[in-house]
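None of the figures in this text is laboratory data; all of them are computed from the coordinates on show. What you see is a predicted model, and the numbers here were worked out from it, not measured in a lab. Cβ coordinates were reconstructed from backbone atoms using ideal geometry, including for glycine residues, and neighbour counts include every protein chain displayed.
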């Protein structure tokens, strides 16, 4: 077979190809009990989890690969562990086969997690958000009716026929005294691979439901704070219509800037959680649609339950997110209008200042023109004085010159010449 050696292969080609095969569902060939745990660990907690998984394999004599990605399957004797790493949480699912005819209630009392070393369980990192015990048994849905009361403690059940009626599922979506919620599946004729996919979907529905609901307490906590900011914005907007001074407008602009900073802080704090909630809720609805539910007598279907209980919480979160976004837009518009008012007021002040400066310049120009006239007289006076001294000196030497008469005749001509000279210099400087 020819190889691709002449081609420049993309470094991510193999990883991208393997991605569509990641997280495959485990086949369920017969009766089975599994424990599913989901830990909220953040986006950077997975390296310690890998180390912890290698420790578990060593404790139970299993072999763990030296390097693995976001999915791992460990065969731990009778128990199979499937570990999956997601963006902000990790799941541990422990599968264990049951012998035919095992009472489902008894299976729930002996989950596979109970047989794992306590010292290993104590080291599990993250905050436990989901803990489910799930039992798969063979038989018709009607055969499970005598066991439902003991398994679910007479709580109101949610359930349906799934996979087109080839199986049935029951749950009450409550946490039992042992800290786990419970799921029961009766398999009529599903193949192991299809049952594996059904189990995976049901576990994902509960996991993603809880992850989506993380946004709901945050939304309820934010509602009063957003209301206070909306009231503050309304007060500022009301005052804006009545104020007229530049100082008041600048004060209000500072208040709006401070309010905008608070909104941005809330947005930065909540944006990821609200966005993640939308994504998780979409996954829940998609997985429920894949169940292909059929109505069981007297039971509310999973889709109906989620629509009545989960959807309102998601709509509340979306409404708070929209209020926060709308508040940010209103603050931006109010700030823009107020800045426009401040700019207009500053321009009016600048125009008044320019008009005042223009008036001063005109006064200075008139003063300069007055000074020019006086300076022409002063220059002429001193020049005529110098000429008078020169004429007196000539008179003393015997020249027939009358100094007083000569200065009197020259005075008007000198005054005119000096005035024209000063004016010419001023025009030349003005032209420059």
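Centre-to-centre separation between the Cα atoms of the stretch 94-173 and those of the stretch 277-345: 32 Å. The three principal axes of the C-alpha atoms in the chain carry coordinate ranges of 158, 64, 44 Å, sorted with the longest axis first.
Largest first, the extents of the alpha carbon coordinates of the stretch 308-431 on the three principal axes equal 132, 18, 17 Å. Once the C-beta distance of residue 68 and residue 316 is scaled by a Förster radius of 60 Å, the resulting FRET efficiency is 0.95 to the nearest 0.05. Ranked by the mean number of other Cβ atoms within 10 Å of their residues, highest first, the peptides 217-229, 388-400 come out as 217-229, 388-400. Angle of helix 192-213 to the longest C-alpha principal axis of the chain, folded into 0 to 90 degrees and rounded to 10: 40°.
Between helix 302-396 and the chain there is an angle of about 10 degrees, using the helix long axis and the longest principal axis of the Cα atoms. By the equivalent-ellipsoid construction on the alpha carbon gyration tensor, the stretch 33-107 comes out with semi-axes of 25, 16, 8 Å, ordered largest to smallest. Rounded to the nearest 10 degrees, the angle from helix 403-431 to the longest Cα principal axis of the chain is 20 degrees.
By the helix-only formula, in which each DSSP H run with n ≥ 4 contributes -39500 (n - 2.57) and the sum is divided by residues, the chain has a 222 nm mean residue ellipticity of -21000 deg cm²/dmol. If the segment from residue 59 to residue 361 were pulled out straight at 0.36 nm per residue, it would be longer than the present Cα-Cα gap by 99.2 nm.
Here the extension length gained between residue 401 and residue 332 equals 15.8 nm, from 0.36 nm per residue of separation less the Cα-Cα distance.
Can you compute the FRET efficiency between residue 121 and residue 189 using 1/(1 + (r/R0)^6), with r the Cβ-Cβ distance and R0 = 41 Å? Round to the nearest 0.05. Efficiency, rounded to the nearest 0.05: 0.65. Mind grabbing the base-10 log of I(q)/I(0) for the stretch 215-352 at q = 0.11, 0.16, 0.19 Å⁻¹? Debye formula, identical points on the C-alpha positions, no solvent, two decimal places. So the normalised log intensities work out to -0.57, -0.86, -1.03. Considered as an equivalent ellipsoid built on the Cα gyration tensor, the stretch 90-205 has semi-axes of 24, 16, 14 Å, the largest given first. Take the Cβ atoms of residue 10 and residue 272, set R0 to 22 Å, and the FRET efficiency comes out at 0.15.
A simple spin-label model places pseudo-atoms 7 Å from Cα toward Cβ; at residue 227 and residue 261 they are separated by 2.7 nm.
Distance between the C-alpha centers of the stretch 355-432 and the stretch 197-227? Whole Å please. Computed from Cα coordinates, the inter-centre distance equals 96 Å. Here the stretch 25-173 has an Rg and Dmax of 16.7, 48 Å, counting Cα atoms alone.
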